[in-house]
Structures are given as C-alpha cells and as structure tokens.
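Take a look at the structure set out below.
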Amino acid sequence: MSLESRAKRVLSPVSGHYTWLEVDRAEGSWLTAKDGRRVLDLTSGIAVLSAGHSHPRVVKAVQEQAAKLMHISTGVASYESNIELAEELVTVTPDGLDTVFFGNSGAEAVEAAIKLARQATRRGSLITFRGGFHGRTTGAATLTSSKNTYRSGYGALLPDVFVAPYPYAVTCPIPPAHDADACAEHALAILETMLDHEIPADSVAGILIEPVLGEGGYVAPPASFIRSLRDIATRIGALLIFDEVQSGMGRTGAWFAAQRFGVTPDVLLAAKALGGGLPLGAIVSSRELQRKWMTGTHGSTFGGNPVSCAAGLATLRVIRDEGLVQRAEQVGQWTVEELAPLRAHPHVREIRRFGAMVALELDTKAAAKAAVAGALERDVLVITAGSHEQVVRFIPALNIAEADLRHGVRALVDAVKGAEVATPA
Ligand SMILES: Cc1ncc(COP(=O)(O)O)c(C=O)c1O
C-alpha cells in the first residue's frame, strides 16, 4: 500500500501536502524515492537545509552529540553545544543583538517575541503586515495573514493585533503599476494613518515584520520602507521585530536580511535553517532588553536541546566555511537567468529575486499548480507560496551544484511552457 494511502488512514487530514512523493533518503540536493527515482530538491525542506541534505559535517556532529548527551533540558543543567551555538550565532547577527533564547521552532520564536515585547514594554498592541506568515500557534496565527486559511474556524485569536499593508508592488492598488517605491510610500502612509486613528502609539509593544515575505510570495520591500519602520518604532517606543525564520542564515546574501537593509531590529527571530534539519528556533536581542524579561516567566523543555544545537553549530560553520552566504547571490542570479525565457509568457506576472530568494509569480493558482506538477514529472521538486498559491518559489540548498540548479530551473520552465492552463478572462 502506498504511503499516501497509509497516511490517510492514520494521520490527521489537517496537514496540507504539496506532494505525496515517497522519499527514502537524500544527499546534497538529491532525493531518492522509495522506487529508486532520483528527484532534485529545490525546496530544502521549506528553507531548512541550506547546506544540503545530510551534509557529512552535520551528520557527524549529530551522531557524536546523540551518543554523548541527547537531552537534559537547559533549565536542569548546562551543556556545551547550547552555549557554543549561542556564542557563535551572535557573531553573525547584527551588531548589538548578543543575547539568545532558544526554542524549538519558528512559531515558538514568534510566541516568545510577543511575550518579550509585551512584558518589556508593558504595552499590549502589536502591528504586523498583510501577507506575513509567522506560524500556526495561536499567537503566531493571529499575526499571520499570508492566506486566510490559517485563521479559518479558529474564532477570536489574540486581541490588539493590527495588520498594516506590506509593500507588495504587484498587488499595490496605486499607480504606477509594479512601482516598489510608490507602493512602499503608500503602505507607510496607511500605517501612519492607522497610528493616527486606531492604534494609540503608546499602546504598541512591537512592530513585527518579515523583512522579506516568505510564505506570502517572496517579496522584498525597498530598504527605505524598512528604515522607515525603524524610525517609527523608535519614535513610538515600540520594539522592531524581524521574523527572519525563512530569510535568515544566509539565504538573502547576508546572514540576515537586516544586514542587507542596513537596519538593526530590536529583536531578531531565526529558526528553519538555524537547526540544519533538526527543530530549533531562536529569539535574539540586546542583553539590556532580555534583562527586562523576568526570569522564570518563559522557558521550554526541549528548546536548545543538545542535538539540535550541535546540528545548528555544524550547519552555521558549513555556511561560513563554504562561503554560502556569498554564494546565495550567485544561486539567485543563476535561477533568474534560467527563468528569463518566461519573462514574456502570458501566465507570468513577475519574476523577482532578493539574494537566493526567487519567485516566479503566475496569474493563477492553477498555473502554479500545473508548473509544480510538470516539474515533478521531470523529477524536480518545487513548491508554491502566495495568498492564492500563485507563486512558485525557489529554495535550493545554497551549496547546490550550478549545473543541477540550472537543470532544475530549466525543467520548471519547460513545465510552464508545456502546461495547458486557461488564461483568466
Ligand atoms: C517567516 C516565518 N516565520 C515563522 C514560521 C513558523 O515556523 P515553524 O513552522 O517552524 O513553526 C515560518 C514557517 O514557514 C516562517 O516562514
């Protein structure tokens, strides 16, 4: 019986599935299916495996740590891999962000940020941005607006959360079409209006944003927008919080998008690639700020567990030693070069890139779905993003071979060209 049939008998149907590809093992950028078929992975397990599947240095670190100390809990005793990863992580975060709290996932990092912001500022409101994805726990889901699916049927979530527009040039309601700067100015003007009318400035604990939208469709705002948010947060005494769960750890051509924008947030969130394939999340800020987070008011049994930290440490070192942060820029360039034949395609709305984060925005979900299915028929795995799942996003390992990447993107291009999808009226 297929894994899909078995899953449908024993696993909850609540989880969505991009594919039911039956994976047996993986190495580098290649998956091997149960039937021996080899498939090129351009998803990295949703932006997790920046150093590729089962990098030998990561596997060795995990095996050695598992054999030595698998679990004890940071609250019960201290251990090397936990402290060492924090020490090394703060060498790559923006200057001044030097104190780390580890959890197990991106959503937990977001929850922690909500609690830190509220407790440290003694304020309750949060401002977030339309199109952002921050996770599926109740607090994180409240801040999430990349698709309405994530809130469906859950009733009232957290109070005092306000959603401001994200400068998404393709969908911006004001002319000129696709003008990122005009769109960003418009979005800022609306945020200022919200502060004038609905959100007393002195009630705002935090302004939380993905500096590059991930699940929302791989959209980067102009640097001026991010700088203006820094100014607004400082002016109103709120914390500026960057959710870099997807954009962090080198994917944008800098360790964090914050550094590419030249803007230091008060709080930085990391997860996904941070654990190199094992569950790990982090919330990083100045020591001064985390001192205001009262001891004992937050914690975790598994957060920063020995094996995840060992995997994270090995991954961080591979990213550094193999120059993968710099390589991200090249990876992104190769991807858009290969996508060029689609520029004038009738179903293509936009091809955009920020570092290695490349999006091919199509006109409909059907067109994106057909492209993903066609790529898989050609043994290339890609996934979608966007409010209507209309975006194909490319998330290869940052050490993918150039020839593999070019081959994979070409397969997707062929899939788009070969797909028969109705053009919307
Ligand atoms: C930007 C961002 N924040 C938070 C999350 C939630 O992370 P997790 O799925 O590890 O809870 C995600 C996951 O896709 C994400 O992309």
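The values are calculated or read from the model by the stated rules, or taken from the named source; none is laboratory data. In this text the structure is predicted, and so the values were computed from the model without any measurement. Every residue, glycine as well, gets a Cβ built from its backbone with ideal geometry; the counts of neighbours run over all protein chains shown.
The criterion of being within 16 Å of the ligand (Cβ to nearest atom), modelled with pLDDT of 95 or more and exposed (fewer than 15 other Cβ atoms within 10 Å of the Cβ) does not hold for T234. If only residues of segment 382-425 that are of a type in the set (G, A, S) and not in a helix (DSSP H, G or I) are counted, the one that is surrounded by the fewest Cβ atoms within 10 Å (Cβ to Cβ) is A425. Determine whether segment 158-177 contains at least one residue that is within 19 Å of G216 (Cβ to Cβ), within 16 Å of the ligand (Cβ to nearest atom), in a strand (DSSP E or B) and out of contact with any Gly (no Cβ under 8 Å at 6 or more places or on another chain). Yes.
Against the numbered list (1) buried (at least 23 other Cβ atoms within 10 Å of the Cβ); (2) without any contact (Cβ under 8 Å) to a residue 60 or more places away in the chain; (3) not assigned by TED's automatic domain parsing to the domain that holds I395, E288 comes up short only at (1).
Being among the charged types (D, E, K, R) and either free of Cβ contacts under 8 Å to residues at least 12 places away in the same chain or within 12 Å of the ligand (Cβ to nearest atom) (or both) is the requirement here; does E198 meet it? It is false that E198 is among the charged types (D, E, K, R) and either free of Cβ contacts under 8 Å to residues at least 12 places away in the same chain or within 12 Å of the ligand (Cβ to nearest atom) (or both). The set of residues in segment 321-353 being of a type outside the set (D, E), over 17 Å from D363 (Cα atoms) and not in a helix (DSSP H, G or I) consists of G323, R353. Give me the residue from segment 41-68 that is among the hydrophobic types (A, V, I, L, M, F, W, C) and without any contact (Cβ under 8 Å) to a residue 12 or more places away in the chain and, out of that set, farthest from P396 (Cα to Cα). Filtering segment 41-68 for residues that are among the hydrophobic types (A, V, I, L, M, F, W, C) and without any contact (Cβ under 8 Å) to a residue 12 or more places away in the chain, the one farthest from P396 (Cα to Cα) comes out as A67. Counting just the residues of segment 291-325 that are buried (at least 16 other Cβ atoms within 10 Å of the Cβ), among the β-branched types (V, I, T) and more than 19 Å from the chain's Cα centre (by Cα), which one comes out farthest from A107 (Cα to Cα)? This residue is V318. A344 passes every criterion in (1) more than 21 Å from R57 (Cα to Cα); (2) in the same structural domain as G135 (by TED's automatic domain parsing) apart from (2). Taking the listed residues T335, T364, the one that is among the polar types (S, T, N, Q), under 17 Å from A422 (Cα atoms), in contact (Cβ under 8 Å) with a residue 60 or more places away in the chain and not assigned by TED's automatic domain parsing to the domain that holds E215 is T364, with no other qualifying. Scanning segment 128-148 for residues that are away from the ligand (no atom under 12 Å from the Cβ), out of contact with any strand residue (DSSP E or B) (no Cβ under 9 Å at 6 or more places or on another chain) and within 14 Å of V110 (Cα to Cα) yields a single hit, T138. Taken together, S152, S125 contain a single residue that is more than 16 Å from the ligand (Cβ to nearest atom), among the hydroxyl-bearing types (S, T, Y), more than 20 Å from the chain's Cα centre (by Cα) and surrounded by fewer than 20 Cβ atoms within 10 Å (Cβ to Cβ), which is S152.
Can we say A367 is aliphatic (A, V, I, L, M) and over 15 Å from Y218 (Cβ atoms)? The answer is yes for A367. Within segment 91-121, the set of residues being surrounded by fewer than 18 Cβ atoms within 10 Å (Cβ to Cβ), touching a residue at least 12 places away in the same chain (Cβ under 8 Å) and in a loop (DSSP other than H, G, I, E, B) comprises D95, G96.
Only one entry in L240, L213 is in the same structural domain as T91 (by TED's automatic domain parsing), under 18 Å from Q290 (Cβ atoms), within 16 Å of the ligand (Cβ to nearest atom) and at pLDDT 95 or above, namely L240. Scanning segment 103-122 for residues that are touching a strand residue (DSSP E or B) at 6+ places or on another chain (Cβ under 9 Å) and either of a type in the set (D, E) or away from the ligand (no atom under 13 Å from the Cβ) (or both) turns up E108, E111, L116, A117, R118, Q119, A120, T121, R122.
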